[in-house]
Amino acid sequence: MAWGLEARVPFLDKAFLEVAMNIDPKEKLFSKGSEQEFDKDGCPKMEKPYLPHSILWRQKEQFSDGVGYSWIDGMKTHAAAEVSDEDFAHRAERWPRDTPDTKEAYHIREIFDDGYREVTGVAPLIQVGEV
């Protein structure tokens with residue numbers, strides 16, 4: 001599809017698309033501070049907001065954190081159990097470049113290395129924590 005165009009309906013939801021299309025186009029233009037203004041002021045001013053109050057005003061999260069804190073805490077607990085203090089202390093000897101900073105990063109790096117032993121020069125490209 002070198003010259004193709006792919007259109008995607010937001011969330012595959014026609015009702016949401018209708019709400020978005022009925023917002024005044026001037027209100028959808030970005031300017032300094034307009035994003036927060038629209039997020040916090042634009043939607044609640046609607047007679048009947050499309051999103052429930054609990055969704056509209058929830059805390060924003062990084063994309064990777066969308067799975068929930070309990071899942072992330074579970075991953076950290078699992079990594080702490082899998083990676084010994086001794087192994088973690090010698091991590092720089094095993095990975096002198098891009099040395100993992102946490103036991104979670106160490107464990108993920110181990111899994112990567114086990115799955116891609118034949119691939120060389122890939123691990124240095126991983127930026128743990130920037131996903």
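The values are calculated or read from the model by the stated rules, or taken from the named source; none is laboratory data. Here the structure is a predicted model, which is why all the values come from computation and not from measurement. Every residue, glycine among them, receives a Cβ derived from its backbone with ideal geometry; neighbour counts consider all protein chains shown.
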List pairs: first residue in the stretch 76-101 and basic (Lys, Arg), second residue surrounded by 10 or more Cβ atoms within 10 Å (Cβ to Cβ) anywhere in the structure, Cβ distance under 7 angstrom, at least six positions apart or on different chains. Lys76/Glu104; Arg91/Thr99; Arg91/Pro100; Arg91/Tyr106; Arg97/Pro124
Condition met for Phe38 (modelled with pLDDT under 75 and surrounded by 14 or more Cβ atoms within 10 Å (Cβ to Cβ)): yes
Hey, among Pro25, Pro49, Pro44, which residue is of a type outside the set (A, V, I, L, M, F, W, C), modelled with pLDDT of 75 or more and not assigned by TED's automatic domain parsing to the domain that holds Phe112? Pro25
